[in-house]
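Peer 1: The structure that follows is given in the form of structure tokens.
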Amino acid sequence: MGRLGDIYRHFKEWQLQPYQVAPLSEEQRECATCGTHYQGNYCPRYGQSAKISRYSLKNAFMLFLDVWGLGNRSMLRGIRDLLLRPGYMIRDYLRGMHMAYFPPFKMYFLLFALSLLIDTGLNIKGINRLEQQEKDISEVIIRATADNKEDDVQEKKSPKMTEEELDKERRLHQADKQFEGILETFSKWMEDHYSGVLLVSLLLFCYPLWLLFRHCPAIPDLRLSECFVAMVYISNMLIIYSLIPSLLCFSTNAEVIYGILTLLLVLFPIKQLSGYGYWSTIWRLAIAALYLIVALILLIAVLVLVFLICYMKQS
């Protein structure tokens, strides 16, 4: 137990301060761009790295890695920190350590591209999961249509209903089918744009969250723009976790359960970022989530009302 306690203590110390700056070079150098003589790792006039020399295959390879986030501002380091110390990493970035970590928006688009590659065949089964999901949805729609046709036949066979009652039932049945079609279309769109929906949801969540955490112990003067950047990083963290079921080709039900469980992980980066304890973070998150749920319910109610008005005009 003592050994485990030491490991945990070292891990907590690493979480608070993991990034170590490379020592300054004492070698005298000359900038290849402006000819300035200097001592250090970068030219003080142009900011060019002292490592840059004549073009070679190694330089080309390093430039390629830098484009994909594997160079100096390592995306791999950012992914590691988002998994092991997300809130502390976000706090470091907000305090100005921009050169140590990969930019949040660039990371988001690269992770989105990676998730698209995985869904279109770069997984353990080598299948296009997007096409498979479309097939599953089509099968559900076909079954639902067949059930609706059977219900229509049963209605026609019923001798107790008048023609007026049958017409009313048909209209209600048609409205139900139209509404089901809208829900199915919306569900498919949500699945196809998961990363975008996740980002928009977290950004909508940003404002109530900022109201409740703007005077937190770690950042007493937290700005809305900083909270916005934090939400983008948290969105990146959730996308990283969402790559696991895509890569391993989880079933639809297992993926839904996994997605709900990963949403609970939002607690940890916000706790680390704010400096509050667990209970203080939880009740603030609960109020912010309630605010968001009420806003979404009102939005859905407005959409349903618009649909009903349009349907009544058509009928």
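Peer 1: Arranged from highest to lowest average of other beta-carbon atoms within 10 Å per residue, in what order do the peptides 41-48, 211-218, 266-273 appear?
Peer 2: Values: 41-48: 13.9, 211-218: 16.2, 266-273: 20.6.
For the peptides 41-48, 211-218, 266-273, the packing ranking is 266-273, 211-218, 41-48.
Peer 1: May I pose another question? Using amide H atoms built in the peptide plane, which far-off residues or other-chain residues are under 5 Å from L122 H to H?
Peer 2: none
Peer 1: On to the next question. So for Y55, Y108, fewest C-beta neighbours within 10 Å to most, what's the order?
Peer 2: So the ranking, lowest neighbour count to highest, is Y55, Y108.
Peer 1: Quick check: pseudo-label points 7 Å beyond the Cα along Cα→Cβ at I297 and V256, how many nm apart are they?
Peer 2: Placing both labels 7 Å along Cα→Cβ, they lie 2.1 nm apart.
Peer 1: Next up: Suppose each label sits 7 Å from its Cα in the direction of the beta carbon; what would the S49-K135 distance come out to in nanometres?
Peer 2: Each label point lies 7 Å from its Cα, and together they span 4.5 nm.
Peer 1: Y42's amide H: which non-local residues (gap 5+, or another chain) put their own amide H closer than 5 Å, with H modeled 1.01 Å from N in plane and none for Pro or chain starts?
Peer 2: A50
Peer 1: Moving to a separate point now. Given a Förster radius of 41 Å and the C-beta distance between Y8 and V306 as r, what FRET efficiency does 1/(1 + (r/R0)^6) yield to the nearest 0.05?
Peer 2: Numbers: r = 54 Å, r/R0 = 1.32.
Working from the Cβ atoms, E equals 0.15.
Peer 1: Taking the Cα centre as origin and putting +1 on Lys and Arg beta-carbons and -1 on Asp and Glu beta-carbons, what dipole magnitude results for region 9-59, to the nearest 20 debye? Present the calculation step by step, with values, prior to reporting the outcome.
Peer 2: On the way: 7 positive and 4 negative charges, 44 e Å.
Charge dipole, region 9-59, about its Cα centre: 200 debye, nearest 20.
Values in this text are rule-based calculations from the coordinates and carry no lab data. Note that the coordinates shown come from a computational prediction; the quantities given were computed from them, not determined experimentally. FYI the Cβ positions are ideal-geometry reconstructions off the backbone, even for glycines, and counts take in every protein chain you see.
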